[in-house]
Amino acid sequence: MQLRLGRRLDPQPLPPLGLPRRPEAGGGDRVAEEDRVSSLPDDLLLHILSRLGCAREAARTSVLAKRWRGLWTRLPELRFRNDVPLLSLEGLLAQVTRSELHLLHMETKVEMVMVEDISSLLRAASRFAPKSLSFKVWSFRLGDHEILELPCFDRTTSILLDLPITLAPPLTGEFTALQSLVLLSCEIDLGSLLPLCPSLRSLRYKGSFPFDVVTIHSTSLEELTVITVSDDDFIYHIDVMAPQLKEADFFLLMRERVLMSFSAPMVEKVSWQCVYRTNIWLKYICLHELGYDLSHGLRKLFLEIWCWVCLSSASFSIHCSNFR
(Lines give C-alpha, C1' and ligand atoms only; values in the text may rest on other atoms or scores of the structure.)
Protein backbone atom coordinates (compact mmCIF):
# COMPACT_ATOMS: atom_id res chain seq x y z
CA MET A 1 0.00 0.00 0.00
CA GLN A 2 1.48 3.40 -1.08
CA LEU A 3 1.02 6.36 1.30
CA ARG A 4 0.87 10.09 0.24
CA LEU A 5 4.21 10.88 1.76
CA GLY A 6 5.83 8.16 -0.33
CA ARG A 7 6.10 5.65 2.47
CA ARG A 8 4.99 2.10 1.78
CA LEU A 9 2.98 0.14 4.36
CA ASP A 10 3.31 -3.64 4.00
CA PRO A 11 0.31 -5.76 5.11
CA GLN A 12 0.70 -7.85 8.25
CA PRO A 13 0.98 -11.61 7.64
CA LEU A 14 -2.15 -13.63 8.33
CA PRO A 15 -2.08 -16.23 11.08
CA PRO A 16 -1.96 -19.91 10.02
CA LEU A 17 -5.24 -21.34 8.83
CA GLY A 18 -7.48 -22.57 11.62
CA LEU A 19 -5.74 -20.68 14.46
CA PRO A 20 -7.31 -17.60 16.09
CA ARG A 21 -5.60 -14.21 15.86
CA ARG A 22 -3.59 -13.36 18.92
CA PRO A 23 -4.13 -9.80 20.20
CA GLU A 24 -1.18 -7.44 20.09
CA ALA A 25 0.66 -6.75 23.30
CA GLY A 26 -1.04 -3.92 25.10
CA GLY A 27 -3.91 -4.03 22.63
CA GLY A 28 -6.49 -5.62 24.94
CA ASP A 29 -6.82 -8.48 27.39
CA ARG A 30 -4.56 -11.41 26.67
CA VAL A 31 -6.55 -14.55 25.73
CA ALA A 32 -5.33 -17.57 27.67
CA GLU A 33 -5.38 -20.97 26.08
CA GLU A 34 -8.29 -23.00 27.39
CA ASP A 35 -8.20 -26.74 28.24
CA ARG A 36 -11.78 -27.55 27.41
CA VAL A 37 -11.53 -31.26 28.31
CA SER A 38 -10.22 -30.57 31.81
CA SER A 39 -13.13 -28.22 32.43
CA LEU A 40 -15.65 -31.05 32.05
CA PRO A 41 -17.48 -32.36 35.14
CA ASP A 42 -15.89 -35.16 37.14
CA ASP A 43 -18.47 -37.71 36.00
CA LEU A 44 -17.55 -37.15 32.36
CA LEU A 45 -13.82 -37.27 33.06
CA LEU A 46 -14.24 -40.55 34.93
CA HIS A 47 -16.24 -41.90 32.00
CA ILE A 48 -13.37 -40.97 29.67
CA LEU A 49 -10.86 -42.76 31.90
CA SER A 50 -13.05 -45.84 32.14
CA ARG A 51 -13.04 -46.16 28.36
CA LEU A 52 -9.28 -46.74 28.48
CA GLY A 53 -9.96 -50.17 29.99
CA CYS A 54 -6.69 -50.18 31.94
CA ALA A 55 -6.00 -48.67 35.37
CA ARG A 56 -2.33 -48.11 34.57
CA GLU A 57 -3.15 -46.10 31.45
CA ALA A 58 -5.72 -44.12 33.43
CA ALA A 59 -3.10 -43.32 36.08
CA ARG A 60 -0.75 -41.96 33.42
CA THR A 61 -3.21 -39.17 32.63
CA SER A 62 -2.17 -37.53 35.92
CA VAL A 63 0.71 -35.87 34.03
CA LEU A 64 -1.64 -34.07 31.62
CA ALA A 65 -2.76 -31.39 34.05
CA LYS A 66 -3.39 -30.81 37.73
CA ARG A 67 -7.08 -31.40 37.09
CA TRP A 68 -6.37 -35.05 36.15
CA ARG A 69 -4.03 -35.81 39.03
CA GLY A 70 -5.26 -38.78 41.07
CA LEU A 71 -8.59 -38.88 39.24
CA TRP A 72 -8.09 -42.56 38.36
CA THR A 73 -8.29 -43.49 42.06
CA ARG A 74 -12.03 -42.70 41.94
CA LEU A 75 -12.87 -45.10 39.11
CA PRO A 76 -15.60 -47.64 39.98
CA GLU A 77 -13.93 -50.32 37.81
CA LEU A 78 -10.21 -51.07 37.92
CA ARG A 79 -8.40 -53.38 35.51
CA PHE A 80 -4.71 -54.04 36.06
CA ARG A 81 -3.24 -55.88 33.09
CA ASN A 82 -0.20 -58.17 33.16
CA ASP A 83 2.24 -55.30 32.63
CA VAL A 84 1.96 -54.36 36.32
CA PRO A 85 4.40 -56.22 38.65
CA LEU A 86 2.79 -58.29 41.39
CA LEU A 87 4.56 -56.41 44.18
CA SER A 88 3.31 -53.07 42.80
CA LEU A 89 -0.39 -53.97 42.83
CA GLU A 90 -0.93 -53.57 46.56
CA GLY A 91 0.65 -50.10 46.51
CA LEU A 92 -1.67 -49.06 43.68
CA LEU A 93 -4.72 -50.33 45.57
CA ALA A 94 -3.62 -48.28 48.59
CA GLN A 95 -4.08 -45.13 46.49
CA VAL A 96 -7.71 -45.91 45.61
CA THR A 97 -10.06 -43.48 47.36
CA ARG A 98 -13.35 -45.30 46.77
CA SER A 99 -14.78 -47.45 49.54
CA GLU A 100 -16.39 -49.91 47.10
CA LEU A 101 -15.66 -51.12 43.57
CA HIS A 102 -17.99 -52.53 40.95
CA LEU A 103 -15.17 -54.51 39.34
CA LEU A 104 -11.58 -55.36 40.23
CA HIS A 105 -9.47 -57.28 37.72
CA MET A 106 -5.81 -58.07 38.43
CA GLU A 107 -3.57 -60.01 36.09
CA THR A 108 0.18 -60.30 36.54
CA LYS A 109 3.23 -62.38 35.67
CA VAL A 110 5.91 -63.40 38.13
CA GLU A 111 8.81 -65.84 37.89
CA MET A 112 8.28 -67.22 41.39
CA VAL A 113 5.08 -66.72 43.36
CA MET A 114 5.06 -66.42 47.15
CA VAL A 115 1.85 -67.30 48.98
CA GLU A 116 2.22 -64.41 51.44
CA ASP A 117 2.30 -61.89 48.57
CA ILE A 118 -0.93 -63.32 47.13
CA SER A 119 -2.59 -63.43 50.55
CA SER A 120 -1.70 -59.81 51.32
CA LEU A 121 -3.04 -58.64 47.95
CA LEU A 122 -6.34 -60.50 48.37
CA ARG A 123 -6.82 -58.96 51.81
CA ALA A 124 -6.24 -55.53 50.29
CA ALA A 125 -8.80 -56.30 47.57
CA SER A 126 -11.42 -57.42 50.10
CA ARG A 127 -11.42 -53.91 51.59
CA PHE A 128 -13.29 -52.64 48.50
CA ALA A 129 -15.94 -55.40 48.52
CA PRO A 130 -15.95 -55.57 44.68
CA LYS A 131 -19.09 -56.94 43.08
CA SER A 132 -16.90 -58.74 40.54
CA LEU A 133 -13.37 -59.94 41.32
CA SER A 134 -10.89 -61.68 39.02
CA PHE A 135 -7.27 -62.38 39.92
CA LYS A 136 -4.85 -64.24 37.63
CA VAL A 137 -1.22 -64.98 38.39
CA TRP A 138 1.00 -66.44 35.69
CA SER A 139 4.02 -68.02 37.37
CA PHE A 140 6.79 -70.43 36.41
CA ARG A 141 7.27 -71.88 39.89
CA LEU A 142 5.95 -71.78 43.43
CA GLY A 143 8.26 -70.25 46.01
CA ASP A 144 6.70 -71.99 49.02
CA HIS A 145 4.01 -74.52 49.80
CA GLU A 146 2.01 -72.59 52.39
CA ILE A 147 -1.79 -72.75 52.35
CA LEU A 148 -3.58 -69.49 51.61
CA GLU A 149 -6.68 -68.81 53.68
CA LEU A 150 -9.16 -66.92 51.52
CA PRO A 151 -10.50 -63.65 52.89
CA CYS A 152 -14.27 -63.35 53.03
CA PHE A 153 -15.88 -61.42 50.16
CA ASP A 154 -19.38 -61.21 51.59
CA ARG A 155 -20.74 -58.72 49.01
CA THR A 156 -19.04 -60.10 45.90
CA THR A 157 -21.33 -61.81 43.36
CA SER A 158 -18.67 -63.11 40.93
CA ILE A 159 -15.16 -64.44 41.66
CA LEU A 160 -12.52 -65.82 39.31
CA LEU A 161 -9.21 -66.97 40.80
CA ASP A 162 -6.44 -68.43 38.64
CA LEU A 163 -3.74 -69.13 41.22
CA PRO A 164 -1.18 -72.00 41.25
CA ILE A 165 -1.42 -72.49 45.02
CA THR A 166 -3.38 -74.37 47.69
CA LEU A 167 -6.38 -72.50 49.06
CA ALA A 168 -8.43 -72.90 52.22
CA PRO A 169 -11.89 -71.49 53.04
CA PRO A 170 -12.04 -68.62 55.56
CA LEU A 171 -12.41 -69.64 59.19
CA THR A 172 -15.10 -67.01 59.77
CA GLY A 173 -17.71 -65.41 57.51
CA GLU A 174 -19.49 -66.51 54.35
CA PHE A 175 -19.65 -65.61 50.68
CA THR A 176 -23.30 -64.71 51.11
CA ALA A 177 -23.81 -62.89 47.77
CA LEU A 178 -21.59 -65.11 45.60
CA GLN A 179 -23.42 -66.51 42.56
CA SER A 180 -20.59 -67.40 40.14
CA LEU A 181 -17.27 -68.99 41.14
CA VAL A 182 -14.39 -70.00 38.86
CA LEU A 183 -11.30 -71.60 40.41
CA LEU A 184 -8.40 -72.48 38.09
CA SER A 185 -4.94 -74.02 38.63
CA CYS A 186 -5.45 -74.23 42.39
CA GLU A 187 -6.24 -76.86 45.02
CA ILE A 188 -9.04 -76.61 47.57
CA ASP A 189 -11.49 -78.80 49.45
CA LEU A 190 -14.86 -78.05 47.83
CA GLY A 191 -16.64 -79.90 50.60
CA SER A 192 -15.55 -77.21 53.07
CA LEU A 193 -15.97 -74.26 50.71
CA LEU A 194 -19.45 -74.79 49.26
CA PRO A 195 -21.36 -74.61 52.58
CA LEU A 196 -20.04 -71.03 52.83
CA CYS A 197 -21.65 -70.11 49.48
CA PRO A 198 -25.43 -70.27 50.09
CA SER A 199 -26.33 -68.35 46.89
CA LEU A 200 -23.91 -70.04 44.47
CA ARG A 201 -25.44 -70.92 41.09
CA SER A 202 -22.45 -71.62 38.86
CA LEU A 203 -19.21 -73.41 39.78
CA ARG A 204 -16.30 -74.13 37.45
CA TYR A 205 -13.33 -75.89 39.01
CA LYS A 206 -10.16 -76.83 37.15
CA GLY A 207 -7.42 -77.97 39.47
CA SER A 208 -6.30 -80.61 41.95
CA PHE A 209 -8.01 -82.10 44.99
CA PRO A 210 -6.40 -82.50 48.43
CA PHE A 211 -8.43 -85.58 49.43
CA ASP A 212 -9.53 -88.84 47.80
CA VAL A 213 -13.21 -87.96 48.35
CA VAL A 214 -14.62 -85.01 46.41
CA THR A 215 -17.80 -83.69 48.02
CA ILE A 216 -20.05 -81.26 46.16
CA HIS A 217 -23.17 -80.51 48.20
CA SER A 218 -25.16 -77.36 47.40
CA THR A 219 -28.82 -76.44 47.63
CA SER A 220 -28.49 -73.56 45.14
CA LEU A 221 -26.04 -74.82 42.49
CA GLU A 222 -27.43 -74.96 38.92
CA GLU A 223 -24.30 -75.37 36.75
CA LEU A 224 -21.25 -77.48 37.61
CA THR A 225 -17.98 -78.13 35.77
CA VAL A 226 -15.16 -80.17 37.32
CA ILE A 227 -11.87 -80.72 35.47
CA THR A 228 -8.83 -82.42 37.01
CA VAL A 229 -5.40 -81.39 35.75
CA SER A 230 -3.23 -84.17 37.19
CA ASP A 231 -3.59 -87.94 37.42
CA ASP A 232 -1.49 -87.80 40.60
CA ASP A 233 -4.71 -87.09 42.48
CA PHE A 234 -6.06 -90.34 43.87
CA ILE A 235 -9.80 -89.71 43.72
CA TYR A 236 -11.77 -92.62 45.11
CA HIS A 237 -15.25 -91.18 45.48
CA ILE A 238 -17.14 -88.22 43.97
CA ASP A 239 -20.27 -87.29 45.88
CA VAL A 240 -22.67 -84.80 44.28
CA MET A 241 -25.89 -83.70 45.97
CA ALA A 242 -27.47 -80.66 44.33
CA PRO A 243 -31.29 -80.52 44.15
CA GLN A 244 -31.29 -77.47 41.81
CA LEU A 245 -28.53 -78.68 39.47
CA LYS A 246 -29.42 -78.53 35.75
CA GLU A 247 -26.09 -79.07 33.97
CA ALA A 248 -23.07 -81.10 35.07
CA ASP A 249 -19.80 -81.62 33.20
CA PHE A 250 -16.94 -83.81 34.46
CA PHE A 251 -13.53 -84.37 32.85
CA LEU A 252 -11.31 -86.51 35.07
CA LEU A 253 -7.76 -87.83 34.75
CA MET A 254 -7.87 -91.13 36.61
CA ARG A 255 -5.43 -93.76 37.82
CA GLU A 256 -7.87 -96.37 39.07
CA ARG A 257 -11.60 -96.86 39.38
CA VAL A 258 -13.74 -94.21 41.01
CA LEU A 259 -17.12 -94.35 42.72
CA MET A 260 -19.76 -91.79 41.84
CA SER A 261 -22.75 -90.70 43.90
CA PHE A 262 -24.98 -88.34 41.98
CA SER A 263 -28.21 -86.87 43.35
CA ALA A 264 -29.66 -84.11 41.18
CA PRO A 265 -33.39 -84.56 40.46
CA MET A 266 -33.62 -81.41 38.29
CA VAL A 267 -30.64 -82.18 36.05
CA GLU A 268 -31.15 -81.87 32.28
CA LYS A 269 -27.64 -82.50 30.92
CA VAL A 270 -24.79 -84.67 32.22
CA SER A 271 -21.37 -85.15 30.62
CA TRP A 272 -18.91 -87.63 32.14
CA GLN A 273 -15.46 -88.11 30.59
CA CYS A 274 -12.66 -90.15 32.16
CA VAL A 275 -9.10 -90.47 30.92
CA TYR A 276 -6.84 -93.22 32.29
CA ARG A 277 -3.18 -92.43 31.65
CA THR A 278 -1.37 -95.25 33.46
CA ASN A 279 -1.31 -99.03 33.24
CA ILE A 280 -4.60 -100.38 34.58
CA TRP A 281 -6.54 -103.60 34.41
CA LEU A 282 -9.15 -103.30 31.71
CA LYS A 283 -11.70 -105.06 33.93
CA TYR A 284 -11.90 -101.85 35.96
CA ILE A 285 -13.24 -99.91 32.97
CA CYS A 286 -16.91 -100.69 33.22
CA LEU A 287 -20.17 -99.05 34.01
CA HIS A 288 -21.13 -101.02 37.09
CA GLU A 289 -24.55 -99.50 37.63
CA LEU A 290 -26.56 -96.68 36.11
CA GLY A 291 -29.93 -95.97 37.58
CA TYR A 292 -31.83 -92.78 36.91
CA ASP A 293 -35.49 -91.96 36.52
CA LEU A 294 -35.72 -90.17 33.16
CA SER A 295 -39.07 -88.70 34.15
CA HIS A 296 -37.13 -86.16 36.22
CA GLY A 297 -36.25 -84.33 33.01
CA LEU A 298 -32.82 -85.63 31.96
CA ARG A 299 -32.49 -84.68 28.28
CA LYS A 300 -28.88 -85.55 27.47
CA LEU A 301 -26.47 -88.11 28.93
CA PHE A 302 -22.93 -88.41 27.60
CA LEU A 303 -20.51 -91.04 28.94
CA GLU A 304 -17.02 -91.47 27.55
CA ILE A 305 -13.97 -93.42 28.76
CA TRP A 306 -10.54 -93.21 27.18
CA CYS A 307 -7.58 -95.41 28.08
CA TRP A 308 -3.90 -94.94 27.19
CA VAL A 309 -2.01 -98.22 27.79
CA CYS A 310 1.76 -98.39 27.46
CA LEU A 311 3.11 -101.58 25.86
CA SER A 312 6.92 -101.67 25.58
CA SER A 313 7.92 -98.48 23.79
CA ALA A 314 4.72 -98.05 21.82
CA SER A 315 1.79 -95.99 23.03
CA PHE A 316 -1.65 -96.14 21.57
CA SER A 317 -5.18 -95.30 22.61
CA ILE A 318 -8.17 -97.56 23.02
CA HIS A 319 -11.59 -96.02 22.81
CA CYS A 320 -13.29 -98.24 25.35
CA SER A 321 -16.76 -96.79 25.53
CA ASN A 322 -18.75 -94.06 23.92
CA PHE A 323 -22.36 -93.92 24.97
CA ARG A 324 -24.58 -91.06 23.90
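The values are calculated or read from the model by the stated rules, or taken from the named source; none is laboratory data. Just so you know, these numbers come straight off a predicted model, no measurement behind them. Please note: Cβ atoms are built from the backbone with ideal geometry, for glycine as well, and neighbour counts cover all protein chains shown.
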### Odd one out for T156, checked against (1) outside any helix (DSSP H, G or I); (2) in contact with a helix residue (DSSP H, G or I) (Cβ under 7 Å, 6 or more places away or on another chain); (3) under 19 Å from P76 (Cα atoms)
(2)
### Query
Which of the residues that make up the stretch 84-103 are part of a helix (DSSP H, G or I) and of a type outside the set (A, V, I, L, M, F, W, C)?
S88, E90, G91
### Query
How many residues does the stretch 59-73 hold that are at pLDDT 75 or above, among the aliphatic types (A, V, I, L, M) and farther than 14 Å from D42 by Cβ?
1
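For the stretch 104-135, name all the residues that are of a type in the set (A, V, I, L, M) and part of a loop (DSSP other than H, G, I, E, B). Lay out the reasoning, then the answer.
First, pick out the residues of the stretch 104-135 that are of a type in the set (A, V, I, L, M): 104, 106, 110, 112-115, 118, 121-122, 124-125, 129, 133.
Once the filter is applied, which keeps residues that are of a type in the set (A, V, I, L, M) and part of a loop (DSSP other than H, G, I, E, B), the stretch 104-135 yields M114, A129.
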### Query
Considering the stretch 216-272 alone, what residues qualify as being of a type in the set (S, T, N, Q), more than 19 Å from R201 (Cβ to Cβ) and not in a loop (DSSP other than H, G, I, E, B)?
T228, S261
## Note on the structure
For the stretch 71-101, the count of residues that are surrounded by 12 or more Cβ atoms within 10 Å (Cβ to Cβ) and over 23 Å from R123 (Cβ atoms) equals 1
## Note on the structure
Filtering the stretch 159-184 down to residues that are at pLDDT below 95 and buried (at least 17 other Cβ atoms within 10 Å of the Cβ) yields L163, P164, I165, T166
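Out of curiosity, is T219 in contact with a Lys or Arg (Cβ under 7 Å, 6 or more places away or on another chain) and in contact (Cβ under 8 Å) with a residue 24 or more places away in the chain? Full working, then the answer.
Numbers: in contact with a Lys or Arg (Cβ under 7 Å, 6 or more places away or on another chain): no; in contact (Cβ under 8 Å) with a residue 24 or more places away in the chain: yes.
In short, no.
Which of the residues that make up the stretch 144-153 are part of a strand (DSSP E or B) and either free of Cβ contacts under 8 Å to residues at least 24 places away in the same chain or surrounded by fewer than 16 Cβ atoms within 10 Å (Cβ to Cβ) (or both)? Steps first, please.
Going through the stretch 144-153, the residues part of a strand (DSSP E or B) turn out to be 147-149.
Passing the criteria: I147, E149.
Look at the stretch 159-209 and say how many of its residues are part of a loop (DSSP other than H, G, I, E, B) and polar (S, T, N, Q).
Just the residues of the stretch 159-209 that are part of a loop (DSSP other than H, G, I, E, B), to begin with: 163-165, 169-179, 188-189, 197-201, 209.
Cutting the leftovers down to polar (S, T, N, Q) gives us 172, 176, 179, 199.
Result for the stretch 159-209: 4.
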### Query
What's the number of the condition G173 fails, among (1) on the phi < 0 side of the Ramachandran plot; (2) out of contact with any strand residue (DSSP E or B) (no Cβ under 7 Å at 6 or more places or on another chain)?
(1)
### Query
Among the residues of the stretch 73-116, which ones are over 18 Å from the mean Cα position of the chain (by Cα), charged (D, E, K, R) and closer than 22 Å to L167 by Cβ?
E111, E116
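Just a yes or no: is a residue in the stretch 276-285 at pLDDT 60 or above, part of a strand (DSSP E or B) and crowded, with 16+ Cβ neighbours inside 10 Å?
At the first step, the residues of the stretch 276-285 found to be at pLDDT 60 or above are 276-277.
Cutting the leftovers down to part of a strand (DSSP E or B) gives us 276.
Those left that are additionally crowded, with 16+ Cβ neighbours inside 10 Å: 276.
Within the stretch 276-285 (the criterion being at pLDDT 60 or above, part of a strand (DSSP E or B) and crowded, with 16+ Cβ neighbours inside 10 Å), the answer is yes, since at least one residue qualifies.
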